[in-house]
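Here's the structure, in structure tokens; my notes come after.
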Amino acid sequence: QKEVEQNSGPLSVPEGAIASLNCTYSDRGSQSFFWYRQYSGKSPELIMFIYSNGDKEDGRFTAQLNKASQYVSLLIRDSQPSDSATYLCAAGWDSGAGSYQLTFGKGTKLSVIP
Amino acid sequence: EAGVAQSPRYKIIEKRQSVAFWCNPISGHATLYWYQQILGQGPKLLIQFQNNGVVDDSQLPKDRFSAERLKGVDSTLKIQPAKLEDSAVYLCASSLGRTAGTGELFFGEGSRLTVL
């Protein structure tokens, strides 16, 4: 059973601070990792994906992957109130025929306090 | 480029009634997924199609749920008879697939089901 674990929060950070979101995954065969943002009542939208160990930066967002520890994190620098949302971590693997399957965690709710 | 289209956006039914949801993926996306998202939880995969074939339906409650993607494009998810615990948002997603893209899933707006 492939599982992705996240702290459900809520995580509250002041505006301008760094928000740190974490998740762990159970299947060592997972090949790719995704962070989705989901505003209340909306569908998930991709923020970042990462395949290789180490850090990947995109603007204010940095994803970190440690396959040995089966650990993925997302750092949000200079947090803004508009970043307040639920962040979903997902692990993906090749499900055959060239397609991917993603397992999602329950999500961490982030609140950025002005 | 048009995104993933879903309908209806909202549906309220009584328990034991039936309901159907429709999804049209992004043009050219071979892989289509149906996820169930219960309030406060992450999306849970119900079924995955590659073109018009089923890749994985291991978590689909087959006694009441069915899904099809007859021509390898749009898809329908049906629930019959519905139970109270089926109240959720049903998310359709599509993907280019691993070899053609990043494996990223693109989600539709979802269909919110309330079972009374």
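The values are calculated or read from the model by the stated rules, or taken from the named source; none is laboratory data. Bear in mind the structure is a predicted one, so any value in this text is a computation, not a measurement. No Cβ is skipped: glycine too gets one built from the backbone with ideal geometry, and neighbour counts run over all protein chains shown. Accessible surface areas use protein heavy atoms only, side chains included; no ligands, DNA or RNA. Shrake-Rupley method; radii C 1.70, N 1.55, O 1.52, S 1.80 Å.
Considering only residues of the stretch A:11-29 that are among the hydrophobic types (A, V, I, L, M, F, W, C) and assigned to a loop (DSSP other than H, G, I, E, B), which is least open to solvent (accessible area, probe 1.4 Å)? Working first, answer last.
The initial filter retains those residues of the stretch A:11-29 that are among the hydrophobic types (A, V, I, L, M, F, W, C), namely A:11, A:13, A:17-19, A:21, A:23.
Narrowing the set further to residues that are assigned to a loop (DSSP other than H, G, I, E, B) leaves A:17-18.
Numbers: A:ALA17: 28, A:ILE18: 107 Å².
This residue is A:ALA17.
Any idea which of (1) modelled with pLDDT under 95; (2) within 14 Å of another protein chain (Cβ to nearest Cβ) is the one A:ASN53 doesn't satisfy?
Exception for A:ASN53: condition (2).
Considering only the stretch A:30-79, state which residues are small (Gly, Ala, Ser) and part of a loop (DSSP other than H, G, I, E, B).
A:SER30, A:SER40, A:GLY41, A:SER43, A:SER52, A:GLY59, A:ALA68, A:SER69, A:SER79
Here is a list of conditions, (1) touching a helix residue (DSSP H, G or I) at 6+ places or on another chain (Cβ under 7 Å); (2) facing another protein chain (nearest Cβ under 9 Å), and A:ILE76 meets all of them except one; can you say which number that is?
Result: A:ILE76 fails condition (2) only.
Would you pick out the residues in the stretch A:95-107 that are open to solvent by 10 Å² or more (accessible area, probe 1.4 Å) and assigned to a strand (DSSP E or B)?
Selection gives A:SER95, A:GLY96, A:GLN101, A:THR103, A:PHE104.
Can you tell me how many residues in the stretch A:30-54 are open to solvent by 70 Å² or more (accessible area, probe 1.4 Å) and closer than 13 Å to A:LEU74 by Cβ?
0
State all residues of the stretch B:78-113 that are open to solvent by less than 50 Å² (accessible area, probe 1.4 Å) and of a type in the set (Ser, Thr, Tyr); if no residue qualifies, say none.
B:SER87, B:TYR90, B:SER94, B:SER95, B:THR102, B:SER111 - these are the residues of the stretch B:78-113 that are open to solvent by less than 50 Å² (accessible area, probe 1.4 Å) and of a type in the set (Ser, Thr, Tyr).
Residues being open to solvent by less than 40 Å² (accessible area, probe 1.4 Å) and out of contact with any Lys or Arg (no Cβ under 8 Å at 6 or more places or on another chain): count how many of those fall in the stretch A:1-10.
1
When you look at B:SER111, is it closer than 23 Å to A:TRP93 by Cα, within 14 Å of chain A (Cβ to nearest Cβ) and either small (Gly, Ala, Ser) or touching a residue at least 24 places away in the same chain (Cβ under 8 Å) (or both), yes or no?
Criteria not met by B:SER111.
Please enumerate the residues belonging to the stretch B:27-77 that are touching a residue at least 12 places away in the same chain (Cβ under 8 Å), away from every other protein chain (no Cβ under 14 Å) and surrounded by 14 or more Cβ atoms within 10 Å (Cβ to Cβ).
B:ARG64, B:PHE65, B:SER66, B:ALA67, B:VAL73, B:ASP74, B:SER75, B:THR76, B:LEU77, listed by residue number.
Looking at the stretch A:80-88, is at least one residue part of a strand (DSSP E or B) and touching a Leu at 6+ places or on another chain (Cβ under 7 Å)?
Yes.
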